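Q: Structure provided below as structure tokens; questions to follow.
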């Protein structure tokens, strides 16, 4: 269940506050205000006041320290944003006070919501404390992982190609498809006779994305094209031209301009990614093991519900 908080601030700061300081609603619903009532002789410390309650600069700074550095800097360096933040906190307190005055905090559904929110916050903090114990893998661990998963760290081969597309539609009549194929075969004959491929692509191709570039598709790997197209393109040698290749889009004539072979990526180039993956996998495993432990400890039983 997500924690939903209403703020009445007029700037984007109020919206940000609703997200970042959502956890603060726990204390509100339990009747513990952001700033406790203080004696009048200390009122000179406040930066905001409503009724007998005050918000001090120290109160605000405690909440700002909960924000990510970039957002904290945004408020600390912008007086209007900081004021909007204070306004939203005051609005939240007043609304919560009115809710308590109307005994909404005694309603069964609200009590249940509070319980779910409290549990959610506790779970987040519990998991956070657990995963903070997971250390970054050592260089030896990274190298061991790399050697065991070397096949995953391969830069796939690529080809650079031009193509001429003669389009067909899924509902085209067989005789129309046959006519398109015949036209493709005739263009192939022109190419074999020495005609310029790029010029023919500009003249005949139905691919608007590459037509103006003489059919140039740039470099691509197998997964970037439909299977039939890739199979034909990667079977060609540099400078070779295919016959008509049928795909869901129609008939293609393909010319390979250049080829980049598959490359095994070096450890130094992927070590950062491996470090992150190993650490994240360790965190997931830790949480799984913790849940398994707790399931056994509390003898969890879940019945099928029809």
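Q: With the requirement that a residue be under 21 Å from the mean Cα position of the chain (by Cα) and without any contact (Cβ under 8 Å) to a residue 40 or more places away in the chain, what does the range 255-276 give you?
A: Listed by number, the residues that qualify are 272, 273, 276.
Q: OK, next. Please work out if residue 303 is surrounded by fewer than 15 Cβ atoms within 10 Å (Cβ to Cβ) and not in a helix (DSSP H, G or I).
A: When the stated conditions are applied, residue 303 passes them.
Q: Somewhere in the range 257-269, is a residue over 14 Å from residue 156 (Cα atoms), in the same structural domain as residue 190 (by TED's automatic domain parsing) and touching a strand residue (DSSP E or B) at 6+ places or on another chain (Cβ under 6 Å)?
A: yes
Q: What is the residue count in the range 140-182 for residues that are in contact (Cβ under 8 Å) with a residue 24 or more places away in the chain and either part of a helix (DSSP H, G or I) or exposed (fewer than 12 other Cβ atoms within 10 Å of the Cβ) (or both)?
A: Going through the range 140-182 one residue at a time, the tally reaches 10.
Q: Being more than 30 Å from residue 142 (Cα to Cα), exposed (fewer than 14 other Cβ atoms within 10 Å of the Cβ), touching a strand residue (DSSP E or B) at 6+ places or on another chain (Cβ under 7 Å) and free of Cβ contacts under 8 Å to residues at least 60 places away in the same chain narrows it down to one of 245, 226, so name that one.
A: Details: 245 fails: exposed (fewer than 14 other Cβ atoms within 10 Å of the Cβ).
Just one listed residue meets the conditions, 226.
Q: State all residues of the range 229-239 that are touching a residue at least 12 places away in the same chain (Cβ under 8 Å) and either surrounded by 14 or more Cβ atoms within 10 Å (Cβ to Cβ) or within 29 Å of the chain's Cα centre (by Cα) (or both); if no residue qualifies, say none.
A: Here is the first cut: in the range 229-239, the residues touching a residue at least 12 places away in the same chain (Cβ under 8 Å) are 229, 232-234, 236-239.
Those that are touching a residue at least 12 places away in the same chain (Cβ under 8 Å) and either surrounded by 14 or more Cβ atoms within 10 Å (Cβ to Cβ) or within 29 Å of the chain's Cα centre (by Cα) (or both): 229, 232, 233, 234, 236.
Q: Now a separate question. Before we move on, is residue 76 at pLDDT 90 or above and either out of contact with any strand residue (DSSP E or B) (no Cβ under 6 Å at 6 or more places or on another chain) or closer than 28 Å to residue 116 by Cα (or both)?
A: Here the answer is no, as residue 76 does not meet what is asked.
Q: Quick check on residue 206: is it in contact (Cβ under 8 Å) with a residue 40 or more places away in the chain, more than 32 Å from the chain's Cα centre (by Cα) and loosely packed, with under 14 Cβ neighbours inside 10 Å?
A: Judged against the criteria, residue 206 is not a match.
Q: Going by the conditions given, is residue 212 loosely packed, with under 13 Cβ neighbours inside 10 Å and in a helix (DSSP H, G or I)?
A: yes
The values are calculated or read from the model by the stated rules, or taken from the named source; none is laboratory data. What you see is a predicted model; the values in this text were computed from it and never measured. Glycine gets a Cβ as well: all are built from the backbone with ideal geometry, and neighbour counts include every protein chain shown.
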